[in-house]
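The values are calculated or read from the model by the stated rules, or taken from the named source; none is laboratory data. Being a predicted model, the structure only gives us computed values, none of them experimental. Note: ideal-geometry Cβ built from the backbone for every residue, glycine included; neighbour counts use all protein chains shown. With ligands, DNA and RNA removed, areas are computed over all heavy atoms of the protein, side chains included. Shrake-Rupley method; radii C 1.70, N 1.55, O 1.52, S 1.80 Å.
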Amino acid sequence: MTNKYRAFTRRQALQASIAGMALAASWRPALAAGEPIVFGTLTPLTGAGGPYGPHMRDAVAAVIAEVNAAGGVLGREIKLVSEDDQTNPDAGVKAAKKLIDVDKVIAVIGTWASSVTTAVAPLCWESKTMLFTVSGADSITKLPHQGFIIRTQPNSQLQIRRATEFMVSQGAQHLAYIGPQTPFAQTSIDLMTALAKDMGKTMTGLIYEADKTSYRSEVDQLLKSKPDFLILGGYTPDTIVLLRDMYRAGYQGRMLGFAYAVNDKLLAALPKEVTEGIYTFQPSPALNSAAYDRIKTKLNLGEVDPYTAQTYDHANLAILALAKAGAASGIAIHDHVRDISQGGGEAVDNAIDGLKLLKAGKKIDYSGASGPCDFDAIGDILSAKFRFDRIKDGKPGIIQLI
């Protein structure tokens, strides 16, 4: 991971060097034509989200580099400023303040952890800076964000519903959820409990304190309910500890983890016998789309995770919204992001093609690497496909795409 991280950092530096410079904040008058427009990425380059943040950032940089090479947007270049939220709310707030107050970004792209997004969202809506996020907690879009949040990640309601339906389809009778205190933990437990009741199943939920060296007491408490299928609700570090304790406790039931936690880092850290048979799930990118192939090629990756696919779409959406508006501000993105992504028009999957059509006076409908980008009134994505894998001999293999 270290070598790959360094490689992406060098490439990002190169891409950033050919991007433009500064723009006044979105609530101030637009600057003169020719001055650069500033976007910011706020992704987890370190911490629990560290395996994803560099690729997410690089996807945005790739879109911006392509658009700048074609002449920019509104006759101006785009500059990208990237910050590390460290998968930590305090660090995220500090970085967001810099992006908004110092760098004068008009959009913040790519917040990953729900706790980080919750912490920085008020800074964005108060400054009328558009926030694009891949966080899933339902509470985020219920904030009074005045339309300055767009979320491409399915909310936790949709994710947990699909996960519960999958477990029941596999024959589960006694469900459980175990994970740390996060913005989506109790919501997930409450929804699973209601769904299980409607399906005639039982359900047990347990929330633990993160950053412990052992969860054996919590595991013993949970196993008293005899679950035959449970969801692992944590991030990679605590899930590694939890799985060791589940194995030592002799748990024989099945487990389903979020793919962002049960990832390559986790699989490398644990013996194969500990992870054998674990299911994972995640929102699926549009695997057969030209946009997905394009970002794979640009980042030289064999497979693109859903968060990277989503931030690729964030950058395209923001740029096309500016072109539709004919102005460069957070308000312009706020007012026009749905105009270029839903409601009909000529299908496009990249900013370059979309910019040409908009210049010709055509209406466009953007659908990208993560799939259709249609949003409801509070900024939630309306639909998504989900991918289910199962770990065999230390490696995940896809078993279902729904």
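For region 361-372, which residues satisfy the criterion of being touching a Gly at 6+ places or on another chain (Cβ under 8 Å), open to solvent by 10 Å² or more (accessible area, probe 1.4 Å) and closer than 22 Å to Val134 by Cβ? Reasoning before the result, please.
Taking region 361-372 first, the residues touching a Gly at 6+ places or on another chain (Cβ under 8 Å) are 362-366.
This time we only want the ones that are open to solvent by 10 Å² or more (accessible area, probe 1.4 Å), so: 362-363, 365.
Matches in region 361-372: Asp365 only.
Test each condition in (1) assigned to a loop (DSSP other than H, G, I, E, B); (2) of a type in the set (A, V, I, L, M); (3) closer than 17 Å to Gly53 by Cβ for Ile295 and report the one that comes out false.
Exception for Ile295: condition (1).
Can you pull out the residues in region 68-81 that are within 25 Å of the chain's Cα centre (by Cα) and over 11 Å from Ile319 (Cβ atoms)?
Lys79, Leu80, Val81
Could you pull out every one of the helices (runs of 4 or more DSSP H) wholly within region 138-245 that has 3 or more residues that are surrounded by 21 or more Cβ atoms within 10 Å (Cβ to Cβ)?
156-169, 185-198
Can Ala286 be described as among the small types (Gly, Ala, Ser), in contact (Cβ under 8 Å) with a residue 40 or more places away in the chain, in a loop (DSSP other than H, G, I, E, B) and closer than 21 Å to Gln159 by Cα? Break it down into steps so the answer makes sense when it comes.
Working: among the small types (Gly, Ala, Ser): yes; in contact (Cβ under 8 Å) with a residue 40 or more places away in the chain: yes; in a loop (DSSP other than H, G, I, E, B): yes; closer than 21 Å to Gln159 by Cα: yes.
So Ala286 fits the description; yes.
Quickly run through region 185-203 and pick out the residues that are of a type in the set (A, V, I, L, M) and farther than 19 Å from Asn155 by Cβ. Show your work before the answer.
Here is the first cut: in region 185-203, the ones of a type in the set (A, V, I, L, M) are 185, 189, 191-192, 194-196, 199, 203.
Correct list: Ala196, Met199, Met203.
Among the residues in region 93-107, are any open to solvent by 60 Å² or more (accessible area, probe 1.4 Å), in contact with a helix residue (DSSP H, G or I) (Cβ under 7 Å, 6 or more places away or on another chain) and basic (Lys, Arg)?
The initial filter retains those residues of region 93-107 that are open to solvent by 60 Å² or more (accessible area, probe 1.4 Å), namely 94, 97-98, 101-102.
Cutting the leftovers down to in contact with a helix residue (DSSP H, G or I) (Cβ under 7 Å, 6 or more places away or on another chain) gives us 97.
Narrowing further to those that are basic (Lys, Arg): 97.
Yes, that holds for at least one residue.
Check off (1) in a helix (DSSP H, G or I); (2) open to solvent by 10 Å² or more (accessible area, probe 1.4 Å) for Leu266 and give me the number that stays unchecked.
Result: Leu266 passes all but (2).
Does region 82-111 hold any residues that are of a type outside the set (Val, Ile, Thr), under 15 Å from the mean Cα position of the chain (by Cα) and under 24 Å from Asp335 (Cα atoms), and which are they?
Correct list: Gly110 only.
For region 269-283, what are the residues that are small (Gly, Ala, Ser) and either more than 22 Å from Asp228 (Cβ to Cβ) or open to solvent by less than 10 Å² (accessible area, probe 1.4 Å) (or both)? Explain how you work it out, then say what you get.
Step one: of region 269-283, the residues small (Gly, Ala, Ser) are 269, 277.
If the condition is that a residue be small (Gly, Ala, Ser) and either more than 22 Å from Asp228 (Cβ to Cβ) or open to solvent by less than 10 Å² (accessible area, probe 1.4 Å) (or both), then Ala269 is the only one that fits.
Out of the residues in region 284-310 that are among the hydroxyl-bearing types (Ser, Thr, Tyr) and more than 16 Å from the chain's Cα centre (by Cα), which is most open to solvent (accessible area, probe 1.4 Å)? Even if it seems obvious, please write down each step before you answer.
Kept after step one, since they are among the hydroxyl-bearing types (Ser, Thr, Tyr), are these residues of region 284-310: 284, 289, 292, 297, 307-308.
Going one step further and asking which of them are more than 16 Å from the chain's Cα centre (by Cα), we end up with 289, 297.
Working: Ser289: 26, Thr297: 108 Å².
For region 284-310, the residue satisfying everything is Thr297.
Residue by residue, here is whether (1) open to solvent by 40 Å² or more (accessible area, probe 1.4 Å); (2) basic (Lys, Arg); (3) more than 19 Å from the chain's Cα centre (by Cα) holds:
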{"position": "Tyr312", "(1), (2), (3)": "no, no, no"}
{"position": "His334", "(1), (2), (3)": "yes, no, yes"}
{"position": "Ile340", "(1), (2), (3)": "no, no, yes"}
{"position": "Asp353", "(1), (2), (3)": "yes, no, yes"}
{"position": "Lys359", "(1), (2), (3)": "yes, yes, yes"}
{"position": "Asp374", "(1), (2), (3)": "yes, no, no"}
{"position": "Ile398", "(1), (2), (3)": "yes, no, yes"}
